[in-house]
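The values are calculated or read from the model by the stated rules, or taken from the named source; none is laboratory data. Given the structure is predicted, the values throughout are model-derived calculations rather than measurements. Virtual Cβ from ideal backbone geometry, glycine too; neighbours counted across all protein chains shown.
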Amino acid sequence: MSSPLPGGPALPQERRLVTAIPGPKSQELHARKLGAVAAGVGTTLPVYITRAGGGVVEDVDGNSLIDFGSGIAVTNVGNAAELVVEKASAQLAAFTHTCFMVTPYEGYVAVAEALNELTPGDHEKRTALFNSGAEAVENAVKIARHYTKRTAVVVFDHGYHGRTNLTMGMTAKNMPYKEGFGPFAPEVYRVPVAYPYRWLTGPENAADEAAAAAIDIINKQIGAHNVAAIVIEPIQGEGGFIEPAKGFLPKIVEFARENGIVFVADEIQTGFCRTGQWFACEDEGIVPDLITTAKGIAGGLPLAAVTGRAEIMDAVHGGGLGGTYGGNPVACAAAIGSIETMKQLDLNAKAQAIGETMLTRLRAMQEKFDTIGDVRGRGAMIAIELVKPGTKEPDPQTTAAVAAACHQQGLLVLTAGTYGNVLRFLPPLVIPQELLNEGLDILESAFAGL
């Protein structure tokens, strides 16, 4: 089976194990890593990759692993999509950098135009480009504060927004993201989110009760008139792929509109066809004031953006936004290639099909294995939450054991969740159906072997 993207890497689309995982060459490289790289830079699975594409990654020992991680939702179009490689290579040969703030270039403008068109809403928009998701979130807060002349920022339980000082403060989970790194930026306030599986009075009450609780906290503890921005992931990523109960997000948006608060959708992990729509907030017809993007935007090259209402984005004085590398020309070229690939291959439809396959199989596994407490997600952003049988007590130990068993059998999976008890699945949207099925077979055998 060849690569599903014409002109992509000539990688057989198959799982192939020729050594134990990790193999001897990977182990040798990992020893070098431990001696050269800061210990704080962790590694999920120390297999060292030489080639990747379609639905597989190939390591230095010749093993080919099925990829259910996509570099944490980055390689939606695959690791070496033809148009991404073609456009980035051409730009690389022309020039690598001038700094858009010094002497600009068309690629930056073209990406901004594409994002203004693709993001929800038909209002006039503007875009600014940056390097990482955390940088995009931080700039969205800057923009909202400048526009509103307010300081407070509201975020949610289980949210993740980055690793800079401000975005660590906005992130809910302490370990490993915040431990020992404080003090954090002030004027960040956390409110409840409608977590259906864990809402104490039942999922049917989560939307109304969580929204009422969040709004009550904002009004009583902060003062709505002091809030510059409400920032939320439409599906919370690192927090465990938590999709807020239907109706919760519209209530929060309505409250923001009534009180002059900038509503920011953090679509860094959910954007660019990942959930079966260009952006996850489209599912409930939400039109954010600002939307932050990164990860899937550029086929693996570092690029991020804030896109939003023209009057909000343009409120910042000249020179107030930017950065030396923001909107790098090679990354911009890759983004244009990535977006064209998504359109040509209809990756929204592909993500929906992946979701149908995965949810059907995972719900069947839930019937067989009582450690699977919840199955959730949309499109190719799917998760299972593991608990002690007969309870909702989180079971991070079993989660880690299942992940390790999958890794040993050549399936790359990731864990997540505030309690460390979620297996999350983010296959490339170009993964062949046969590999998707085989990966799910491996996952089921891992549970059966517990």
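Got a number for residues in the range 77-122 being out of contact with any helix residue (DSSP H, G or I) (no Cβ under 8 Å at 6 or more places or on another chain), of a type in the set (Ser, Thr, Tyr) and closer than 17 Å to THR293 by Cβ?
Looking only at that region, the number is 1.
If we keep just the residues of the range 123-139 that are closer than 14 Å to ILE291 by Cβ and more than 17 Å from the chain's Cα centre (by Cα), which is surrounded by the most Cβ atoms within 10 Å (Cβ to Cβ)?
The selected residue is LEU129.
Kindly indicate which of TYR189, TYR197, TYR177 is in a helix (DSSP H, G or I), among the aromatic types (Phe, Trp, Tyr) and in contact (Cβ under 8 Å) with a residue 12 or more places away in the chain.
Values: TYR189 fails: in a helix (DSSP H, G or I); TYR177 fails: in a helix (DSSP H, G or I).
Checking each option against the conditions leaves just TYR197.
Report, by residue number, each residue of the range 404-447 that is of a type in the set (A, V, I, L, M), touching a residue at least 60 places away in the same chain (Cβ under 8 Å) and over 18 Å from PRO394 (Cβ atoms).
The initial filter retains those residues of the range 404-447 that are of a type in the set (A, V, I, L, M), namely 404-405, 411-414, 416, 422-423, 426, 429-431, 435-436, 440, 442-443, 446.
Then keep just the ones that are touching a residue at least 60 places away in the same chain (Cβ under 8 Å); that gives 411-414, 416, 422, 426, 429-431, 435-436, 440, 442-443.
Selection gives LEU411, LEU412, LEU426, LEU429, VAL430, ILE431, LEU435, LEU436, LEU440, ILE442, LEU443.
Against the conditions (1) under 17 Å from THR127 (Cβ atoms); (2) out of contact with any Pro (no Cβ under 9 Å at 6 or more places or on another chain); (3) free of Cβ contacts under 8 Å to residues at least 40 places away in the same chain, where does GLU267 fall short? Just the number, please.
Condition not satisfied by GLU267: (2).
State whether the residues of the range 252-263 include one that is assigned by TED's automatic domain parsing to the domain that holds PRO203, of a type outside the set (Ser, Thr, Tyr) and over 28 Å from GLU204 (Cβ atoms).
Step one: filter the range 252-263 for residues assigned by TED's automatic domain parsing to the domain that holds PRO203, giving 252-263.
Next, from what is left, pick out any that are of a type outside the set (Ser, Thr, Tyr): 252-263.
Still in the running and over 28 Å from GLU204 (Cβ atoms): 260, 262.
Checking the range 252-263: at least one residue is assigned by TED's automatic domain parsing to the domain that holds PRO203, of a type outside the set (Ser, Thr, Tyr) and over 28 Å from GLU204 (Cβ atoms).
Taking into account only those residues within the range 107-147 that are in a helix (DSSP H, G or I) and among the hydroxyl-bearing types (Ser, Thr, Tyr), which is farthest from GLY300 (Cα to Cα)? Can you show your working first?
Taking the range 107-147 as the starting set, the residues that turn out to be in a helix (DSSP H, G or I) are 107-118, 133-147.
Retained after the next criterion (residues that are among the hydroxyl-bearing types (Ser, Thr, Tyr)): 108, 147.
Values: TYR108: 17, TYR147: 32 Å.
Of everything passing the filter in the range 107-147, TYR147 is farthest from GLY300 (Cα to Cα).
Out of ALA383, ALA403, report the one residue that is under 21 Å from the mean Cα position of the chain (by Cα), small (Gly, Ala, Ser), within 20 Å of LEU45 (Cα to Cα) and assigned to a helix (DSSP H, G or I).
The unique qualifying residue is ALA403.
Identify, by number, the condition in (1) crowded, with 20+ Cβ neighbours inside 10 Å; (2) at negative phi; (3) outside the structural domain of PHE130 (by TED's automatic domain parsing) that ALA331 doesn't meet.
The one condition ALA331 does not meet is (3).
Conditions: (1) under 19 Å from THR293 (Cα atoms); (2) touching a strand residue (DSSP E or B) at 6+ places or on another chain (Cβ under 7 Å); (3) assigned to a helix (DSSP H, G or I). GLY159 meets all but one. Number of the miss?
GLY159 satisfies every listed condition except (3).
Select from the range 288-331 the residues that are part of a helix (DSSP H, G or I) and closer than 23 Å to ARG145 by Cβ and list them in ascending order.
Residues of the range 288-331 that are part of a helix (DSSP H, G or I), as a first pass: 295-298, 310-313, 329-331.
Result: ALA310, GLU311, ILE312, MET313.
Based on this model, can you work out whether ARG51 counts as assigned by TED's automatic domain parsing to the domain that holds LEU412 and not hydrophobic (A, V, I, L, M, F, W, C)? Don't jump to the end; show me each part of the working.
On the way: assigned by TED's automatic domain parsing to the domain that holds LEU412: yes; not hydrophobic (A, V, I, L, M, F, W, C): yes.
Yes, satisfied.
Which residue, of GLY373, GLY390, is more than 17 Å from the chain's Cα centre (by Cα), closer than 19 Å to TYR197 by Cβ and assigned to a strand (DSSP E or B)? Spell out the reasoning first.
Details: GLY390 fails: assigned to a strand (DSSP E or B).
Of GLY373, GLY390, the one residue that is more than 17 Å from the chain's Cα centre (by Cα), closer than 19 Å to TYR197 by Cβ and assigned to a strand (DSSP E or B) is GLY373.
Would you point out the residue of the range 11-48, among those that are touching a Lys or Arg at 6+ places or on another chain (Cβ under 9 Å) and not assigned by TED's automatic domain parsing to the domain that holds CYS406, that is modelled with the highest pLDDT?
It comes out as THR19.
Looking only at the range 28-57, which residues are part of a strand (DSSP E or B) and not β-branched (Val, Ile, Thr)? Spell out the reasoning first.
Residues of the range 28-57 part of a strand (DSSP E or B): 49-53, 56-57.
Within the range 28-57, ARG51, ALA52, GLY53 meet the criteria.
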